[in-house]
1. How far apart, in nanometres, would the label points at A:GLN173 and A:LEU101 be if each is projected 7 angstrom from Cα along the Cα-to-Cβ direction?
2. Quick check: the distance between the Cα centres of the range B:5-81 and the range A:41-107, to the nearest angstrom?
3. Could you work out, residue by residue across A:155-163, how many beta carbons of other chains sit within 10 Å of that residue's beta carbon, and then give the average as an integer?
4. When the helix-only estimate is applied to chain A (DSSP H runs of n ≥ 4, each -39,500 (n - 2.57), divided by the residue count), what is the mean residue ellipticity at 222 nm, nearest 500 deg cm²/dmol?
5. Convert 4 °C to kelvin, take the viscosity as 1.567 mPa s, use the Kirkwood radius over C-alpha pairs of the range A:145-192 as Rh, and evaluate the Stokes-Einstein diffusion coefficient in µm²/s, rounded to a whole number.
6. Taking each residue of A:42-55 in turn, how many C-beta atoms of other protein chains fall within 10 Å of its C-beta, and what is the average?
7. Which one of A:LEU130, A:LEU2, A:SER18 has its Cα pushed farthest toward the positive end of the charge dipole of chain A, where Lys and Arg give +1 and Asp and Glu give -1 at the Cβ?
8. Report the label-to-label distance for B:LEU96 and A:VAL230 in nanometres (one decimal), using points 7 Å from each Cα along the Cα→Cβ vector.
Amino acid sequence: MLAGERREMFARLAELESERADHAFELFVMAAQELGTPLSTMVLTNELLLGRVRGSADELPRQWLVEQLEMQQAVVRRMQAMMQLWLVVPQLRAGTLPTLLETFDLAELVADAVERHREELAWARCAVELELQPLPGSWDRFRVDAVLEHLLSNALKFGAGHPIEVIVSGDEQTATIRVRDHGIGIAPSEHAHIFERFVRVSSAARVPGFGLGLWMSRALLRPLGGTITVKSALQSGATFTVTLPRAPGE
Amino acid sequence: MTSLLIVDDELSIAHAAAELLRFAGYEVATEPNGHVALASMRRRRPDLLLLDYMMPVLDGLQTLAAMRVDAALAAIPVILMSAAPERAIPRGERWLRFLSKPFREATLLTAVASALA
């Protein structure tokens, strides 16, 4: 190798190393933004509760106190779920996260997930149309629930003010979950990339996030033989379809 | 009664801030994004808008831009809120006050009172 070529190679390696470092530093910012939201809520709710309880707690309706604590609890639970997922990202990437199968009804799991978001959905004026066919099967609850959580959160964020349809259907071999919003949608030119790591659609540029949700969804479903696809156009909403065999190996 | 509108895509934040402001004697409504908020403000003009910067559909700056060209909304004073430092937010649109998240009750109440003064 000539000296000039070697210099060029080292320069390119240094450039790649610098790009990697830039990316790692960007992750700090993203993590701070992701954690900023639950932290803000907890600070505010604590202030709200402390201020009132120190003042005139006797006059406060018990139900009001319960509501504030329940909202705080929901935020903490969501943060816990987010942490659980972050902790398994390396295993998801390597495909080494164990799959724990159990028999449950997919329709019940979906109904529970929608129920968890009931208040947010009402606030965002997203009327939910549920079409749930009872569908028992053998799946990993953690994996399917994490995918559902991601799809519902996205539908809520990007489809606020419009209805959301959630459909569970299937036959002897296959189960399908469809989550459809009528929000801002995703340009077809971006469909091929949205399931890649750290990819964020342009319409989500100013929302905190790592761009890992759909990549994780695909990785979570893969060991179950499941798939996830999107159909969408800008300003026409988005439909995400999850397909799962009723039992792995089918 | 002075009416405030809080626009934030996180229900829990909008809810807690609204409750704090209600205890301080304000009438408070909340909306989940700029797009819905614009329609709501055209129906009922608030005396002050507390607007989150990072939001889906229509973010804080896009909402400000839409308000600027709407004669009915252009004069509404705005407090912009964000976890990002103010200096990291592109200039171009104008806001009266900036609230850095997470904020505390006293900071929120002072910002609102001074924006309304």
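1. For the pair A:GLN173/A:LEU101, the computed spacing is 1.7 nm.
2. Here the two parts' Cα centres lie 25 Å apart.
3. Numbers: counts 0, 4, 7, 4, 2, 9, 7, 1, 0.
That average works out to 4.
4. Working: 8 runs with 134 residues, N = 250.
Helix-only estimate at 222 nm: -18000 deg cm²/dmol.
5. Numbers: Rh = 12.1 Å.
The diffusion coefficient I find is 107 µm²/s.
6. Values: counts 4, 7, 15, 7, 3, 10, 8, 2, 1, 4, 3, 0, 0, 1.
Average per residue, whole number: 5.
7. Looking along the dipole axis, the top candidate is A:LEU2.
8. Each label point lies 7 Å from its Cα, and together they span 3.9 nm.
All of the numbers you see were taken from the coordinates with simple rules; none came from a lab. Worth saying up front: this structure is predicted, and the values here are computed from it rather than measured. Note that we place each Cβ from the backbone using ideal geometry, even for glycine, and neighbour counts take in every protein chain shown.
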